[in-house]
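Written out below as structure tokens is the structure these notes cover.
Only the coordinates and a few stated rules stand behind these numbers; no lab work does. Note that this is a predicted model, so its numbers are computed, not measured. Note: ideal-geometry Cβ built from the backbone for every residue, glycine included; neighbour counts use all protein chains shown.
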Amino acid sequence: MFRNFRMVSRVVFGQGCFQQLGDILEAPRRLNGSFMVFVVDDVFKFSSLGQKIPVKDGDMTLWVNVDKEPTTEYVDTLVDEIRFFSPNPPAGIIGIGGGSTMDLAKAVSLMLTNTGSSANYQGWDLIKNPGIYHAGIPTLSGTGAEVSRTTVLCGPDKKLGINSDQTVFDQIVLDPELILDAPVQQRFYTGMDCYIHCIESLSGTFLNAFSKSYGEKALQLCRDVFITDGPKRSFETEENLMMASYCGGMSIAYSQVGICHALSYGLSFVLGIHHGVGNCIAFNALDEYYPEGVDEFRKMMDINQIELPKNVVAEIPTESLERMTDVSLVLETLWENALGKNWKAVMTREKIKALYQRM
Ligand SMILES: NC(=O)c1ccc[n+]([C@@H]2O[C@H](COP(=O)([O-])OP(=O)(O)OC[C@H]3O[C@@H](n4cnc5c(N)ncnc54)[C@H](O)[C@@H]3O)[C@@H](O)[C@H]2O)c1
Ligand SMILES: [Fe+2]
């Protein structure tokens with residue numbers, strides 16, 4: 001069987017296109033005459049972007065905090081707040097922020113129309129009802145959350161996405177102005193998420209021409225941004241980074257990520273390390289599996305003057321290491337993509353723990 005996946009229905013791209021958001025939201029507003037909910041990273045609360053959001057009377061703005069990566073508990077709380085705000089469902093959920101905020105917006109949209117806790121839907125195709133109209137507006141580029149069919153959440157016992165066709169955004173707004181001032185380190189870590197998506201997708205056993213086409217383009221754009229341009233930033237570099245993220249996300253739509261992501265999920269779940277930096281820490285320990293990619297990644301770190309946190313796993317208690325290993329082993333399709341159907345024979349618990357201990 002070939003996967004028949006849904007894609008983002010509408011895309012607007014270009015410098016300053018965020019100004020069109022008000023007009024874009026007119027159609028969904030008219031459809032059910034209800035209010036909009038803007039789910040916005042609270043880092044923008046007092047910024048010029050915060051002032052430019054086309055909020056109308058009767059709309060709701062939820063300033064969300066993503067110091068911790070999104071949890072199922074946080075999603076459930078936000079959904080309760082919206083239900084408390086109005087007994088009627090909103091016309092749309094608009095996520096403005098990095099991968100964490102976009103994921104919160106996706107999850108809230110789904111949980112307004114599906115009963116119970118969001119933790120019950122972590123997995124593949126467990127969502128029963130279509131979500132509320134939802135739009136994503138990245139302020140960081142690299143995760144590919146703007147195009148993916150998942151919203152990654154830390155639940156009571158695992159970090160796992162709600163993967164479904166309903167998760168995919170109805171609209172995305174890709175405006176390089178919104179990512180231009182992102183802090184250097186964060187931009188690099190999130191950008192490396194994209195680079196690692198490409199390396200894992202292109203070297204995986206699930207690869208097909210669809211994934212390869214997008215993955216190769218995304219990889220080239222990452223090289224343009226992080227090697228050719230280096231620390232230099234302009235609208236052009238940020239446009240390229242936005243398109244790298246988009247193409248990297250499209251590449252994994254039809255394939256999968258691999259070992260680095262499986263290990264990085266364990267790091268986030270147990271140590272609260274954010275996805276981008278967690279990927280970089282994990283990838284730096286994976287010479288054995290992705291030798292050329294790891295070499296090039298180190299070159300990118302040098303050019304962009306990035307220093308990775310060191311010895312993050314060395315001192316942790318044994319039970320935390322075991323927990324981390326459990327979390328990474330839940331991600332069977334990632335291991336299978338990286339190592340083939342017989343991955344269990346190759347990647348033992350001991351091997352995983354040894355890799356963690358190098359981080
Ligand atoms: N859904 C998917 O397909 C998918 C894919 C990969 C990762 N993810 C998820 O995405 C999250 C990581 O997202 P991310 O790397 O984009 O970072 P993020 O959204 O977690 O944000 C990181 C930090 O940057 C800040 N920030 C965001 N934009 C900013 C800007 N323009 N200026 C200044 N500060 C800004 C945030 O407030 C936060 O402190 C993780 O939770 C991960 O699990 C999702
Ligand atoms: Fe990722």
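Things to note:
- Residue among 30, 83, 223 with the largest mean-square fluctuation in a Gaussian network model of the chain, springs linking Cα atoms under 10 Å: 30
- Whichever lysines have a C-alpha closer than 18 Å to that of residue 158, once near sequence neighbours (fewer than 8 apart) are set aside: 68, 353
- Lys/Arg +1, Asp/Glu -1 at C-beta; the chain dipole; positive extreme among 62, 338, 272: 338
- Couplings 3J(HN,Hα) of segment 44-57, computed from phi: 9, 4, 10, 9, 5, 4, x, 6, 8, 6, x, 7, 10, 3 Hz, in residue order, whole Hz [Karplus 6.51 cos²θ - 1.76 cosθ + 1.60, θ = phi - 60°; x for Gly and Pro].
- Net charge dipole size for segment 94-173 [Lys, Arg +1 and Asp, Glu -1 on Cβ; Debye, nearest 20]: 120
- Our coupling estimate for segment 101-106, obtained by passing each phi through the Karplus curve with A = 6.51, B = -1.76, C = 1.60 and θ = phi - 60°, is 6, 4, 5, 4, 4, 4 Hz, Gly and Pro reported as x.
- For residue 38, residues with placed amide H under 5 Å, excluding near neighbours: 60, 61, 62, 94
- Among 338, 145, 209, residue whose mean-square fluctuation peaks in a GNM of the chain (springs only between Cα atoms under 10 Å): 209
- Sorting 238-244, 102-108 by average packing, meaning the other beta carbons within 10 Å per residue, from highest down gives 102-108, 238-244.
- Gyration tensor (Cα) of the chain, equivalent ellipsoid semi-axes in angstrom: 32, 23, 19
- CD proxy at 222 nm, helix term only [per DSSP H run n ≥ 4: -39500 (n - 2.57); per residue of the chain; nearest 500]: -14000 deg cm²/dmol
- With a Förster radius of 51 Å applied to the C-beta separation of residue 31 and residue 184, the computed FRET efficiency comes to 0.80.
- Placed amide H near residue 172: partners under 5 Å, 5+ positions off or other chain: 10, 11, 12, 136
- Protection proxy ranking of 43-53, 89-99, by the mean of other Cβ atoms within 10 Å over each peptide's residues and highest first, is 89-99, 43-53.
- Charge dipole of the chain (Cα centre as origin; +1 on each Lys and Arg Cβ, -1 on each Asp and Glu Cβ, all else neutral): 600 debye, rounded to the nearest 20.
- Cα-based Rg / Dmax (Å) for segment 89-139: 10.9, 30
- Under 14 Å, Cβ to Cβ, from residue 96 - net charge with Lys/Arg +1 and Asp/Glu -1: -4
- Within the shell defined by Cβ-Cβ distances under 14 Å, the residues around residue 286 carry a net charge of -3, with Lys and Arg each +1 and Asp and Glu each -1.
- Of 12, 257, 39, the residue with the greatest mean-square motion in the GNM of the chain, using alpha carbon springs below 10 Å, is 12.
- Taken one residue at a time, the phi angles of segment 235-251 give Karplus couplings (6.51, -1.76, 1.60, θ = phi - 60°) of 4, 5, 4, 6, 5, 5, 5, 4, 6, 4, 4, 4, 5, x, x, 5, 5 Hz. Gly and Pro are set to x.
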